[in-house]
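Have a look at the structure below before the remarks.
The values are calculated or read from the model by the stated rules, or taken from the named source; none is laboratory data. Keep in mind that what you see is a predicted model, and the values were worked out from it rather than measured. Neighbour counts run over all protein chains shown; Cβ positions are idealised from the backbone, glycine included.
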Amino acid sequence: MGRFERSWALMKSSANILRQDKELMLFPLLAGACSLLIIATFGWPIFAAMRHHRAAFEGHAHAMPPVVMLLAFAFYFVQYAVVIFFNTALAAAAMIRLEGGNPTLGDGMRAAWSKLPTILGYALISATVGMVLRAIQERVGLVGRLIAGLLGVGWTVATFLVVPVLAAHDIGPVDAIKRSASLLKDTWGENVIGNAGIGLVGGILTFCVVAVSLVLFGAAASTQSIALMVSVAVAGMIALVALSLFQTAMHGVYSAALYRFAAYGDPGEGFDRRLLESAFRSRR
């Protein structure tokens, strides 16, 4: 219960920041739109390559033709680059707010654009790690899935603060990863996932939206009105998309505050320092 209350308080702090700067939700919206465009762009070439090399897949269950691997890697790289770009823009804008400023969409985009070479380098590293973990998962069976899962958790923890580091510093992708891992090691380390819990509240809200949407859709279906059922379904989808954008933006604001707390001991305006100290206990 204490962890839930703390997570709720942290979520409210992030939400308060978003209420002051609603334009911060445009960053995940743009990221989502670009991601859909990327999926549409790569979907047909990958499908066509898989059909063309169907015999290779049938003869070797875990073998992936080079052209499919190349397309898959290109998809990973472009997708990571887009997501990291807009997350960096969001983190940069959030830091302006945490410092007492009034950020705009342009402020975040300019900050991310100035870090584009580093963002592309980090996207390349992330895509490579993703492909390697997927290869381990597919080729070694259950043991491979366990190993890939553990390595994935380690990678997630080590890179937990890479995006705000990229937004705050002019350093390379490798140095950004080292900086992120160092901050986590020096302050909270392995407690970061166990004590954060902010996603718990978002998950509960998502469940509530889905449950309410299903109840309303059932009620609409009982009236046998197609128009009413479609309206309820569309409203439910819009609510889920809006909640997803809001939650993604909150995580961006939250990660920026965490970085400031880890690096300088001050999360910035809108966050309670004592709350973060209780959420992320020092290992020392």
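Residue by residue, here is whether (1) at pLDDT below 85; (2) hydroxyl-bearing (Ser, Thr, Tyr) holds:
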position: Ser222; (1), (2): no, yes
position: Val234; (1), (2): no, no
position: Gln247; (1), (2): yes, no
position: Glu277; (1), (2): yes, no
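Select from the stretch 91-124 the residues that are under 22 Å from Ile39 (Cα atoms) and surrounded by 19 or more Cβ atoms within 10 Å (Cβ to Cβ) and list them in ascending order. Scanning the stretch 91-124 gives Ile119, Tyr122, Ala123.
Please specify each residue of the stretch 143-186 satisfying the condition of being among the β-branched types (Val, Ile, Thr) and either under 17 Å from the mean Cα position of the chain (by Cα) or at pLDDT below 85 (or both).
At the first step, the residues of the stretch 143-186 found to be among the β-branched types (Val, Ile, Thr) are 143, 147, 153, 156-157, 159, 162-163, 165, 171, 174, 177.
Matches in the stretch 143-186: Val143, Ile147, Val153, Thr156, Val157, Thr159, Val162, Val163, Val165, Ile177.
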